[in-house]
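Since the structure comes first, as structure tokens, the remarks are kept for the end.
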Amino acid sequence: MRTKDLSVTLFVVVTISLIPLLAMQFTNEVNWSGFDFLVIGSLLFLSGLAIQFVRHKLKSRKQRIIASSAILILLFIIWAELAVGIFGTPFAGS
């Protein structure tokens, strides 16, 4: 993987992580701890790395789109489970 790809992934992770950080400055509705930022940063970074891996290893555009979509769907399911416990698993603290 190229350094530029890693830099872009890291930039996207930091940018997305800034959204709740900024929201915490204006409202009490968002109350994240350092652990919350660590978890979401890890999830986003690993998902970004997985998408970069798929992008470089799969030849067919259709395969890349399907694999990347599957990675993003999995990311959103895990994120939703951690946020509100949609499935009620112990993973979310339910």
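Sequence-ordered 3J(HN,Hα) estimates for the range 73-83 from the Karplus curve with 6.51, -1.76 and 1.60 and θ = phi - 60° stand at 4, 4, 4, 5, 5, 5, 4, 5, 5, 5, 6 Hz, glycine and proline given as x.
Across the range 21-28, rounded Karplus estimates of 3J(HN,Hα) from the backbone phi angles (6.51 cos²θ - 1.76 cosθ + 1.60, θ = phi - 60°) give 4, 5, 4, 5, 6, 10, 8, 8 Hz, Gly and Pro being marked x.
Across the range 55-71, coupling constants 3J(HN,Hα) worked out from phi with the 6.51/-1.76/1.60 Karplus curve, θ = phi - 60°, read 4, 8, 9, 8, 7, 6, 4, 4, 5, 5, 5, 5, 5, 5, 5, 5, 4 Hz, and Gly and Pro carry x.
Short to long, the 10 Å bins of the Cα pair-distance histogram for the chain hold 15, 38, 33, 13, 1 percent of all pairs. Of all lysines in the structure, the ones whose alpha carbon falls short of 21 Å from that of Lys4, not counting any fewer than 8 places away in one chain, are Lys57, Lys59.
Computed from the coordinates by the stated procedures, all read-outs in this text should not be read as laboratory data. Computed from a prediction, not measured in an experiment: that's the story for all the values here.
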